[in-house]
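Participant: Here you go, one structure.
The values are calculated or read from the model by the stated rules, or taken from the named source; none is laboratory data. Predicted model only: the values in this text are computed from it and were never measured. All Cβ positions, even for glycine, are placed from backbone atoms using ideal geometry, and neighbour counts span all protein chains on display. All accessible areas refer to the heavy atoms of the entire protein, side chains included, with ligands and DNA or RNA removed. Shrake-Rupley method; radii C 1.70, N 1.55, O 1.52, S 1.80 Å.
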Amino acid sequence: MHTKKLISPMTPLLLLLFFSSLTVGSASASAGENLYTPKANLIRYWNKEVKNNHANPTFLLSKASPLSAVDAERLSKLAAQNALSSQFPAICPIANLLCFADSSPTRQELISRASGPNIRSWCCIFFQESMLKKGKVMPMPDIEDKMPERSFLPRSISSKLPFSTSKISEIKKIFHADDNSTMETTIVKSLSECEKAPSLGETKRCVGSAEDMIDFAISILGRNIAVRSTENVKGSKKNIMIGSIKGINGGKVTQIVSCHQTLFPYLLYSCHSVPKVRVYEVDILDPNSKAKINHGVASCHMHTSNSNPNHAELTIASGPGQIRACHWVFENDLIWTVSN
């Protein structure tokens, strides 16, 4: 005779709670990892430092380091110990840096393409402010970014790395740049540009982290700021039609911070203050279908005695103290303005 064991009515419930706890625990670990990624840290930093209710800046977040929280912490410790060089080949692809061996054709091609002569025609970059009228058809210059795609380093890493022409030997070692190589030339050129004295009345800074860029923009414009960039490259090198136009700050002359990419192993921007500018956000249309293809940002600079305009700018200036030249913000460049 077999004895039949009785199962408590509570057993299925206890088993369910047990397996649920395992699932929740695993999910919490994953959430904890995501909570401290460089991108998550950047979102927290933005919310802490920037004082407005606008959405987090998609463009800036897209440049955040793709490193995991664990990798970012590990590499930060290596940087503090001056031991990053030995790990660079493994670090480079997961951090989205300029990774190829200096002798590789791919790296040479990318660097030469980005640092060679400017193939844009300067006479076509600038245009008169009067052309920004709804329905106006005008040529758009080549606004495509020619530099290899890279991401910022987390500030916890970039702040521990040397960044000076006086430290070029250390920098070359970290990023495996050979003597007399294209990469060495690129690094020295970028560092030299960053170390140049600002123009009269200008404030400038090179930034290798999104947090540093935010800090610089706040130091010039205050905490109520916004990031503006052209949405995509549609319309580049073609005729476009101007659609709806919005003047930032009501179309009044304002101060901005302008940031342009500089070629370096990690994403580096050269940012500078521009004191007298009018900024416009513009819907860009296909001139044939009239369909919206892009959302561009244009800045129109005042002619001042401190500026040193090139010939193309002078040819469209309408007089001293008047708007001298407008240009589109190119792909992956950006400007900061007071938010409105």
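Participant: Tell me which residues, restricted to segment 153-173, are under 28 Å from residue 66 (Cβ atoms) and open to solvent by 40 Å² or more (accessible area, probe 1.4 Å).
Facilitator: First, the residues of segment 153-173 that are under 28 Å from residue 66 (Cβ atoms): 153-164, 167-168, 170-173.
If the condition is that a residue be under 28 Å from residue 66 (Cβ atoms) and open to solvent by 40 Å² or more (accessible area, probe 1.4 Å), then 155, 156, 159, 160, 163, 167, 170, 173 are the ones that fit.
Participant: Please pick out the residue among 332, 306 that is part of a loop (DSSP other than H, G, I, E, B) and modelled with pLDDT under 95.
Facilitator: After ruling out the rest, the residue left standing is 306.
Participant: For segment 79-91, which residues satisfy the criterion of being free of Cβ contacts under 8 Å to residues at least 40 places away in the same chain, surrounded by fewer than 18 Cβ atoms within 10 Å (Cβ to Cβ), assigned to a helix (DSSP H, G or I) and of a type outside the set (Gly, Ala, Ser)?
Facilitator: Answer for segment 79-91, where residues must be free of Cβ contacts under 8 Å to residues at least 40 places away in the same chain, surrounded by fewer than 18 Cβ atoms within 10 Å (Cβ to Cβ), assigned to a helix (DSSP H, G or I) and of a type outside the set (Gly, Ala, Ser): just 87.
Participant: Got a sec? Which strands (runs of 3 or more DSSP E) wholly within segment 223-300 have at least 3 residues that are touching a Gly at 6+ places or on another chain (Cβ under 8 Å)?
Facilitator: Values: elements: 225-228, 239-247, 254-262, 268-285.
The qualifying strands (runs of 3 or more DSSP E) are 268-285.
Participant: Can you tell me which residue within segment 127-160, out of those that are hydroxyl-bearing (Ser, Thr, Tyr) and in a helix (DSSP H, G or I), is farthest from residue 283 (Cα to Cα)? Break it down into steps so the answer makes sense when it comes.
Facilitator: From segment 127-160, those hydroxyl-bearing (Ser, Thr, Tyr) are 130, 151, 156, 158-159; that's our starting set.
From the residues that got through so far, the ones that are in a helix (DSSP H, G or I) too are 130, 156, 158.
Details: 130: 16, 156: 38, 158: 37 Å.
Only one residue tops the list, namely 156.
Participant: What are the pairs with Cβ atoms under 9 angstrom where one residue, in segment 59-71, is in a loop (DSSP other than H, G, I, E, B) and the other, located anywhere, is β-branched (Val, Ile, Thr) and open to solvent by 40 Å² or more (accessible area, probe 1.4 Å)? Sequence gap at least six, or different chains.
Facilitator: Close Cβ pairs satisfying both conditions: 64/43; 66/94; 67/94; 68/94.
Participant: Out of all the residues in segment 165-177, which are in contact with a helix residue (DSSP H, G or I) (Cβ under 7 Å, 6 or more places away or on another chain) and not basic (Lys, Arg)? Full working, then the answer.
Facilitator: Quick first cut of segment 165-177, residues in contact with a helix residue (DSSP H, G or I) (Cβ under 7 Å, 6 or more places away or on another chain) only: 165, 168, 171-177.
Within segment 165-177, 165, 168, 171, 174, 175, 176, 177 qualify.
Participant: May I ask you to list the residues in segment 15-43 that are open to solvent by less than 90 Å² (accessible area, probe 1.4 Å) and either at pLDDT 50 or above or in contact with a Phe, Trp or Tyr (Cβ under 8 Å, 6 or more places away or on another chain) (or both)?
Facilitator: Within segment 15-43, 35, 37, 38, 40, 41, 42, 43 qualify.
Participant: Ok, one more. Can you find, within segment 44-63, the residue that is surrounded by the most Cβ atoms within 10 Å (Cβ to Cβ) among those that are in contact with a Leu (Cβ under 8 Å, 6 or more places away or on another chain) and under 14 Å from residue 209 (Cβ atoms)? Write out each step before concluding.
Facilitator: We begin by selecting, within segment 44-63, every residue in contact with a Leu (Cβ under 8 Å, 6 or more places away or on another chain); these are 46, 59-61, 63.
Checking the rest, the ones that are also under 14 Å from residue 209 (Cβ atoms) come to 46, 60-61, 63.
Values: 46: 18, 60: 19, 61: 15, 63: 22.
Of everything passing the filter in segment 44-63, 63 is surrounded by the most Cβ atoms within 10 Å (Cβ to Cβ).
Participant: Here is a check on your reading of the model: is residue 150 open to solvent by 20 Å² or more (accessible area, probe 1.4 Å) and closer than 21 Å to residue 336 by Cβ? Break it down into steps so the answer makes sense when it comes.
Facilitator: Details: open to solvent by 20 Å² or more (accessible area, probe 1.4 Å): no; closer than 21 Å to residue 336 by Cβ: yes.
The answer is no for residue 150.
Participant: State the number of residues belonging to segment 186-210 that are assigned to a helix (DSSP H, G or I) and without any contact (Cβ under 8 Å) to a residue 40 or more places away in the chain. Walk me through it before giving the result.
Facilitator: At the first step, the residues of segment 186-210 found to be assigned to a helix (DSSP H, G or I) are 186-195, 210.
Pick out the ones that are also without any contact (Cβ under 8 Å) to a residue 40 or more places away in the chain and you get 188, 191-192, 195.
Matching residues across segment 186-210 total 4.
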